[in-house]
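Below: the structure, in structure tokens.
The values are calculated or read from the model by the stated rules, or taken from the named source; none is laboratory data. All figures in this text were calculated on a predicted structure; none of them were measured in a lab. Every residue, glycine among them, receives a Cβ derived from its backbone with ideal geometry; neighbour counts consider all protein chains shown.
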Amino acid sequence: MAIQPHDTKVEVEVAGIKFNNPVLGASGTFGYGLEFAELIDLNRLGGFCTKGLSAQPLPGNIPARIVETHGGMLNAIGLQNIGARAFVDEKLPLLRRYDTRIIANVFGYSDEDYLEAIQMLNDGAGIAAYELNISCPNVKEGGIVIGSSPVAAARLTAKAKAIAARPLIVKLSPNVTDVKVLATAIVEAGADALSLINTLVGMSIDVNTRRPRLNYGTGGLSGPAIKPVAVRMVHEVASCVNVPLLGIGGIASTIDALEFIIAGASLVQIGTANYYDPTVTMKVIDGLSQYCASKNTSVKELVKSLVKD
């Protein structure tokens, strides 16, 4: 596809990376990016976050792994992926054909797992940044979820930052008592930016069988149902840290994206909406261009512009 001219009013820069616009595909909903190449113009996309990549390939959970809910969906995919090395060798060369920013989402079940995956990805020319998924249980610490502990999250962030060849974004879990405490600890440990929010833990039950609809039992809730929670958390975190934020959670329209930007997000990630409208990212990019033109403003000027009486 031909590369299109970019609208300067929607250009943004985060952690030294220039994005043609603030609209990204969210991890876990955008595959490895190539899956959408025949559906949208990847050259127009600000960027995307890959499926979570681990040091070793993972098969994921046994189905059922996705359940539709009111205003969203629950998923327990189990972080199925081809592994960091295969991504670098097989997917990345094809992705470099496109003018879009590639953010490698990384996860593990111990600090060492994360670091091993990052070291593999450091070899991958064309990756713009890393996004740490810290919503994983640390098997070496009795199953504690790294993202629920400011101490564990800060420790991992510092280790990852020390070896990462690219800017480090950390994706925050909403399943915490105070997201501001978690965000502050991670930024102090060296994170270049924060993504928020990851999915909320939820459950759905089949009343006829009296069993969970997901084979795993619980899953991550995403979609429009979580948007107000996500906007609130972006606003809270924007008030206590001085790094760029990536807003995620139920974005399905230009207005949704603008809410996150005004609350404090420099970039937005679109996830669940891709499942029922694969062209939603293109629509939001167009909508942001039209909004900025009509208001004689830019995305950079809109970030953290919430008016308080």
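Check the range 237-258 and report whether any residue there is more than 17 Å from the chain's Cα centre (by Cα) and of a type in the set (Asp, Glu). Checked against the condition, which is being more than 17 Å from the chain's Cα centre (by Cα) and of a type in the set (Asp, Glu), the range 237-258 yields no hits at all.
Somewhere in the range 83-104, is a residue touching a Lys or Arg at 6+ places or on another chain (Cβ under 7 Å), farther than 21 Å from Pro212 by Cα and crowded, with 16+ Cβ neighbours inside 10 Å? Within the range 83-104 (the criterion being touching a Lys or Arg at 6+ places or on another chain (Cβ under 7 Å), farther than 21 Å from Pro212 by Cα and crowded, with 16+ Cβ neighbours inside 10 Å), the answer is no, since none of the residues qualifies.
For the range 250-307, give me each residue that is outside any loop (DSSP other than H, G, I, E, B), among the basic types (Lys, Arg) and out of contact with any strand residue (DSSP E or B) (no Cβ under 8 Å at 6 or more places or on another chain). Of everything in the range 250-307, those that are outside any loop (DSSP other than H, G, I, E, B), among the basic types (Lys, Arg) and out of contact with any strand residue (DSSP E or B) (no Cβ under 8 Å at 6 or more places or on another chain) turn out to be Lys283, Lys295. Just to be sure before I move on: is Val145 at pLDDT 95 or above and under 20 Å from Ile197 (Cβ atoms) in the structure I sent? For Val145, the condition - at pLDDT 95 or above and under 20 Å from Ile197 (Cβ atoms) - is not met. The residues of the range 62-82 that are assigned to a loop (DSSP other than H, G, I, E, B) and more than 20 Å from Pro224 (Cα to Cα), listed by number, are Ile62, Pro63, Ala64, Gly78, Leu79, Gln80, Ile82.
So that you can scan it fast, the table gives a plain yes or no per residue for (1) touching a His at 6+ places or on another chain (Cβ under 7 Å); (2) exposed (fewer than 15 other Cβ atoms within 10 Å of the Cβ); (3) closer than 18 Å to Gly264 by Cβ; (4) of a type in the set (Asp, Glu):
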residue: Ile163; (1), (2), (3), (4): no, yes, no, no
residue: Ala185; (1), (2), (3), (4): no, no, no, no
residue: Ala189; (1), (2), (3), (4): no, no, no, no
residue: Asp192; (1), (2), (3), (4): no, no, yes, yes
residue: Gly202; (1), (2), (3), (4): no, no, no, no
residue: Arg213; (1), (2), (3), (4): no, no, no, no
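Closer than 30 Å to Arg44 by Cβ and not in a strand (DSSP E or B), is that true of Ala191?
Numbers: closer than 30 Å to Arg44 by Cβ: yes; not in a strand (DSSP E or B): yes.
In short, yes.
Somewhere in the range 130-142, is a residue closer than 21 Å to Lys18 by Cβ, assigned to a helix (DSSP H, G or I) and at pLDDT 95 or above? Looking through the range 130-142, none of the residues is closer than 21 Å to Lys18 by Cβ, assigned to a helix (DSSP H, G or I) and at pLDDT 95 or above.
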